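The values are calculated or read from the model by the stated rules, or taken from the named source; none is laboratory data. Note that the structure is a prediction, hence the values are computed from the model and not measured. Heads up, the Cβs are rebuilt from the backbone with ideal geometry, glycines too, and the neighbour counts pull from every protein chain shown.
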Ligand code: SF4
């Protein structure tokens, strides 16, 4: 990967056509789903994409069988969680370095995921040192506890989702208290303004996005710009992911692509300053044994 230093962090300069992106998610390139199933915990979960997607794959013999239920408001998780240990070693087989989103279809820190399974996942992440692993949780109270049984590798980015002011302080404080080397916030879907006093001390990266899908809720431009302003003031790399189905003009459009990714006249695509050395890690990957 080629990186260009920018005013606030780094931007990937590798041409789009040579990049791996097996996901529709702008800030990552791969997903690694080692846990299936979840339960809604806060307003940001209301239109959980994973929940709707899982329901489509919940028929007999399908991967998400028995993990969702249909309600008058559409499909919902039923609280069951299934571990997928056979996928644990997958990243060791991916030789090209990439950013890997850990559990796009669940929450690694769900209460029903045992400590020893999380420890095994961290061991794989440490060994697959040529990738960057992006963990995101809404169960931030479990983050400080990880310090008991994991050593935080430099290629693990620990993040919390923040959708409004109500959940902000608790989640960010828990994240700050952890030993993670790269800490980040996914402010998506942004459902209200965050305070102008937002303190980003100890935070290495912030992603902001609006909601997509048929039940999407709008994001006001000044909410997103407010977070961007706090990042610029405090020198924190900022990534604007998407407007979602509502554009900056408040009009709902058919797809999120129609609204684009510009915020205040430009694309914001910065990544954490403290990125590990991808070139070195790519070199290490060449000498790996093939794992079948
Ligand atoms: S925590 Fe994440 S995966 Fe779980 S319901 Fe909420 S949005 Fe969906």
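Some observations on this one:
- Filter pass, residue 51 being surrounded by fewer than 19 Cβ atoms within 10 Å (Cβ to Cβ), within 24 Å of residue 216 (Cβ to Cβ), within 15 Å of the ligand (Cβ to nearest atom) and free of Cβ contacts under 8 Å to residues at least 60 places away in the same chain: no
- Restricting region 179-199 to residues that are buried (at least 20 other Cβ atoms within 10 Å of the Cβ) and more than 25 Å from residue 46 (Cβ to Cβ), the residue that is farthest from the chain's Cα centre (by Cα): 180
- Residue within region 34-46 that is assigned to a helix (DSSP H, G or I), surrounded by 16 or more Cβ atoms within 10 Å (Cβ to Cβ), more than 18 Å from the chain's Cα centre (by Cα) and within 13 Å of the ligand (Cβ to nearest atom) present: no
- Of the residues 74, 44, the single one that is in contact with a helix residue (DSSP H, G or I) (Cβ under 8 Å, 6 or more places away or on another chain) and on the phi > 0 side of the Ramachandran plot is 74.
- Among the residues of region 93-116, the ones that are at pLDDT below 95 and either in contact with a helix residue (DSSP H, G or I) (Cβ under 6 Å, 6 or more places away or on another chain) or closer than 21 Å to residue 41 by Cβ (or both) come to 2 in all.
- Within region 141-171, tally of residues that are crowded, with 22+ Cβ neighbours inside 10 Å, within 16 Å of the ligand (Cβ to nearest atom) and more than 24 Å from residue 219 (Cα to Cα): 2
- Selection of region 173-207 for residues being within 14 Å of residue 226 (Cβ to Cβ) and assigned to a strand (DSSP E or B) yields 185, 187, 206.
- Hits in region 136-158 - residues which are closer than 18 Å to residue 272 by Cβ, outside any helix (DSSP H, G or I) and free of Cβ contacts under 8 Å to residues at least 40 places away in the same chain: 137, 152, 153, 156, 158
- Matching entry among 80, 86, 90 (being within 15 Å of residue 128 (Cβ to Cβ) and either within 16 Å of the ligand (Cβ to nearest atom) or at pLDDT 95 or above (or both)): 90
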